[in-house]
């Protein structure tokens, strides 16, 4: 976890360093399992309910959604982080 003054600038620095920036948002066009988490990845999680800010979302290489069933409108940020980290481990452990 990192706290920065200008998130978009920090994300661009991470991209310049060769990391893919993956944002999590309930309205993401792809499901998390459809994105490649095998390489260097920076995860960006928005506020519960509000999601990612517009400019932050635009800066991400991919914006993914997590599966939700029932009447749940958004996930707690720690739950979303855990699900994304699990997906990264799952992908990286295939055929090890």
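No value in this document is a laboratory result; all are computed from the given coordinates. Note that this is a predicted model, so its numbers are computed, not measured. Here the Cβ positions follow ideal geometry from the backbone for every residue, glycine too, while neighbour counts run over all protein chains shown.
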Review point. Taking R0 as 30 Å, what's the FRET efficiency between residue 3 and residue 33 from their Cβ-Cβ distance, rounded to 0.05?
Key: 0.55
**Study point:** Percent RCO, i.e. relative contact order, over the chain, from Cα pairs under 8 Å lying at least 6 residues apart
**Key:** 33
Exercise for review: Summarise the long-distance tail of P(r) for segment 15-54 by giving the % of C-alpha pairs beyond 14 Å.
Suggested key: 51
Review point. Relative to the present Cα-Cα distance, how much length would full extension add between residue 50 and residue 83 at 0.36 nm per residue of separation?
Key: 10.0 nm
**Study point:** P(r) weight above 23 Å for the chain, C-alpha pairs, percent
**Key:** 21
Practice item. Sort 83, 1 so the one with the fewest other Cβ atoms within 10 Å of its own Cβ comes first. Key: 1, 83
